[in-house]
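This report refers to the structure that appears directly beneath it.
The values are calculated or read from the model by the stated rules, or taken from the named source; none is laboratory data. Only a predicted model underlies this, so the values are computations on that prediction, with no experimental measurement involved. Neighbour counts are summed over all protein chains in view; Cβ atoms, including those assigned to glycine, are modelled from backbone coordinates with ideal geometry.
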Amino acid sequence: MYNLNQNAWDSVRQAVGPGLLSVLMPAFNLEKVIADNVRRVQALFAGQVPFEIVVINDGSQDQTAAELCRLQAEIPELRPLLLPRNVGKGAALRAGFETSRGTHIVFLDADLDLPPGQIPEFFRILNDQQVDVVIGSKQHPDSRISYPWQRRIMSAIYYRCVKILFGLPIRDTQTGLKLFTRNSLQWAFPRILVKAFAFDLELLTLIHQQGFKIAEAPVTVDFQGKGGFVPPRMVHHIIVDTLAVFYRLHLLKYYQSIPDTRLPVPPPLASILIACPAASSFLDEIVVALSDQSYSNYEVLLLPDAPTGRTWPERWREIPTGKIRPAEKRNLGIAAARGSITVFLDDDAFPVPEWLQRGLEYFSLPDVVGVGGPAVTPHLDPWLAQLGGRVYANRLVSGNYRYRYQADRVRQVDDFPSCNFFVRTDALRQLKGFRTDFWPGEDTFLCLELTHALGLRIVYEPRALVFHHRRKLFLPHLRQIGRYALHRGYFARRFPETSRRLSYFMPSLFTVGVIGGAGVAALLPPLRPLYLSALALYTLIVLLCTISRSPLDWFLVALGVILTHLWYGARFLIGFLTRRLPGEIRPFDHPSERPATPRPPAAGAPPV
């Protein structure tokens, strides 16, 4: 379509100048074509402009990752990014952007439905029209497309809806070839929530709202014989995601509320504290995850009961503490920390590559004292442990606190668990660390002091994410739930500022209703149908909120939700009525109970 003589590259060289072009190629299950496609992109840019090719393997289930690793020795410009699980195109591109170094960024689908030879024309439009973004458009009058009629109709309908809802000055948001200046993406990506279906729409909407200029370019599309049928499930997700973007933009005003954060200058030293009984396979996961961090100015303080006898990486320090409580271990770590930011990480959790950077960025704001991030269940956890994670993340269990177990929107909080928590070291020392007579619950009291005694803010940042291994259903899960409920009930009576909230009392009201209602129904038979109807309605709500493709998973998660409600409710009442927690009466150690060891990755799978 385009004549790629030397003049065609003048616009590319003019725009990039002394910078670098980054080509981001999200890939999923492309083992048969990925090597040839990367070679095509490399041959296009070789000798023309400084460039890098970042191929993001989005948790492929074939040998795509292995092909990329082999190809890296052949193509020096290739920088593979191997994601351990499928996270969706949007999340994959965001991860690729975080590792990229270019001043100009090209999104190019790795299947090359859109031939890469069109890219120089995008740069010509970028220069001629003085814009920040150029997107491929199938609706452009000069486009040449081989596209199923079903998808043409869907594209036309979607464009009309987008025009009405968002007023974007473009006719096609979904074409997989786009060119951006780095500044435009750097502003938009921290605010992106959609990971898959409406990612392009959210990204372009944010860029447009911020005042960056967007232009369209014609494209040639080779659909390579793929079917035109769009599954109803995908249509449903597109509609839901699109309406969610509209809600966040125009009603919630979410995007406008996110502060424009940058790393403090100079970049602070972060002291990562890991309290543990002893060395374990979980620590091996942490070693790998921390070595992959995009932020490198950190130290690790490992706090085992006794010397582990192991050799740890250079940045790690092992400080044996004796058999004491986690809060006491962490206080020893706070005293030994050299960093201005102390980061608490559980020994059965491991972070994503951008974890440190995203958490530390908020400390450029002087009124922020702490940052917390979600703790998501790893996909390699054993089956019953994954079901336990689904119970935690269920809206009927976690309610307004569901963001602790899955990535959600940025928000201000006043209570956050210490499994994934960043805090200013000077504030910790001012408060003399954690209270040691509460376990669990020492982190709840710390947050109370940080926000109420010091009057500072704690921010929840969804991208500061860790994967946290879960206890199996049912007994290990319920034992952990019972400990949490006991401390929360006690805190609801003694420290009401952050714990005396209706949501924490709901399970107890349910438990009392179930037990008391059974007694009333037994004594007053006319009320029995009303009682049974209420139980039936509750069960129906639980079933609707735990729907799963697997009937067995559905049953077990629903039962887990019900048992969690009953046990949490009972233990919360005990805590609310008790005068002192066990830790205030006698010394006790953290339990030996551990999450189940995750399944090892399949042969040939990419590293975590």
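Please determine whether any residue of the stretch 13-28 is in a helix (DSSP H, G or I), closer than 30 Å to Ile125 by Cα and in contact with a Ser or Thr (Cβ under 7 Å, 6 or more places away or on another chain).
yes
Are any of the residues in the stretch 130-150 touching a residue at least 60 places away in the same chain (Cβ under 8 Å), among the polar types (S, T, N, Q), buried (at least 21 other Cβ atoms within 10 Å of the Cβ) and assigned by TED's automatic domain parsing to the domain that holds Asn29?
Yes, the stretch 130-150 has at least one match.
Hydrophobic (A, V, I, L, M, F, W, C) and free of Cβ contacts under 8 Å to residues at least 60 places away in the same chain: does that describe Leu168?
yes
Run Gln139 past the list (1) in a helix (DSSP H, G or I); (2) of a type in the set (S, T, N, Q); (3) more than 19 Å from Arg13 (Cβ to Cβ); (4) touching a strand residue (DSSP E or B) at 6+ places or on another chain (Cβ under 9 Å) and report the number of the one that doesn't hold.
Only one criterion is unmet by Gln139, namely (1).
Please find, among Pro50, Pro76, the residue that is more than 27 Å from Phe199 (Cα to Cα) and out of contact with any helix residue (DSSP H, G or I) (no Cβ under 8 Å at 6 or more places or on another chain).
Matching residue, one of Pro50, Pro76: Pro76.
So, in the stretch 286-304, how many residues would count as being under 20 Å from Glu98 (Cα atoms) and touching a residue at least 24 places away in the same chain (Cβ under 8 Å)?
Summing the residues that are under 20 Å from Glu98 (Cα atoms) and touching a residue at least 24 places away in the same chain (Cβ under 8 Å) in the stretch 286-304 gives 9.
Out of Glu67, Glu74, report the one residue that is more than 29 Å from the chain's Cα centre (by Cα), acidic (Asp, Glu) and more than 27 Å from Arg124 (Cβ to Cβ).
The match here is Glu74.
May I ask you to say which residue of Arg310, Arg330, Arg315 is within 17 Å of Ser418 (Cα to Cα) and either in contact with a Cys (Cβ under 9 Å, 6 or more places away or on another chain) or of a type in the set (D, E, K, R) (or both)?
So the residue among Arg310, Arg330, Arg315 that is within 17 Å of Ser418 (Cα to Cα) and either in contact with a Cys (Cβ under 9 Å, 6 or more places away or on another chain) or of a type in the set (D, E, K, R) (or both) is Arg330.
Do you know which residues across the stretch 488-499 are basic (Lys, Arg) and closer than 16 Å to Asp443 by Cα?
Arg488, Arg494
Residues to consider are Arg94, Arg101, Arg85; find the one that is at pLDDT below 95 and either outside any loop (DSSP other than H, G, I, E, B) or more than 28 Å from the chain's Cα centre (by Cα) (or both).
Arg94
What are the residues in the stretch 109-136 that are in contact with a Leu (Cβ under 6 Å, 6 or more places away or on another chain) and part of a strand (DSSP E or B), if any?
Within the stretch 109-136, Val134, Gly136 qualify.
For the stretch 459-503, enumerate the residues that are surrounded by fewer than 23 Cβ atoms within 10 Å (Cβ to Cβ) and assigned to a strand (DSSP E or B).
Answer for the stretch 459-503, where residues must be surrounded by fewer than 23 Cβ atoms within 10 Å (Cβ to Cβ) and assigned to a strand (DSSP E or B): Tyr460, Val466.
Which condition number in (1) among the polar types (S, T, N, Q); (2) touching a Gly at 6+ places or on another chain (Cβ under 7 Å); (3) in a strand (DSSP E or B); (4) more than 27 Å from Ser143 (Cα to Cα) is the one that Asn57 fails?
Here Asn57 clears every test but (2).
Mind counting the residues in the stretch 317-338 that are free of Cβ contacts under 8 Å to residues at least 24 places away in the same chain and under 11 Å from Ile274 (Cα atoms)?
3
Checking Pro326 against (1) within 30 Å of Phe505 (Cα to Cα); (2) at pLDDT 95 or above; (3) buried (at least 23 other Cβ atoms within 10 Å of the Cβ), which test does it fail?
All conditions are met except number (2).
Would you check which residues across the stretch 239-256 are of a type in the set (Lys, Arg) and in a loop (DSSP other than H, G, I, E, B) and list them?
Lys253
Restricting attention to the stretch 4-60, and to residues there that are among the polar types (S, T, N, Q) and surrounded by fewer than 18 Cβ atoms within 10 Å (Cβ to Cβ), which single residue is nearest to Val131 (Cα to Cα)?
Here the answer is Gln14.
What residue, of Leu201, Leu179, Leu185, is aliphatic (A, V, I, L, M), crowded, with 18+ Cβ neighbours inside 10 Å and without any contact (Cβ under 8 Å) to a residue 60 or more places away in the chain?
Of Leu201, Leu179, Leu185, the one residue that is aliphatic (A, V, I, L, M), crowded, with 18+ Cβ neighbours inside 10 Å and without any contact (Cβ under 8 Å) to a residue 60 or more places away in the chain is Leu201.
Quick one: which residue in Arg457, Arg429, Arg435, Arg424 is touching an Asp or Glu at 6+ places or on another chain (Cβ under 6 Å) and at pLDDT 95 or above?
Step by step, each of Arg457, Arg429, Arg435, Arg424 is checked, and only Arg457 is touching an Asp or Glu at 6+ places or on another chain (Cβ under 6 Å) and at pLDDT 95 or above.
Could we say that Ile515 is more than 17 Å from Leu396 (Cα to Cα) and either outside any loop (DSSP other than H, G, I, E, B) or in the same structural domain as Glu442 (by TED's automatic domain parsing) (or both) here?
So Ile515 fits the description; yes.
Could you go through the stretch 518-541 and let me know if any residue there is out of contact with any Asp or Glu (no Cβ under 6 Å at 6 or more places or on another chain), under 23 Å from Pro374 (Cα atoms) and not assigned by TED's automatic domain parsing to the domain that holds Thr377.
Looking for residues that are out of contact with any Asp or Glu (no Cβ under 6 Å at 6 or more places or on another chain), under 23 Å from Pro374 (Cα atoms) and not assigned by TED's automatic domain parsing to the domain that holds Thr377, one finds none in the stretch 518-541, hence no.
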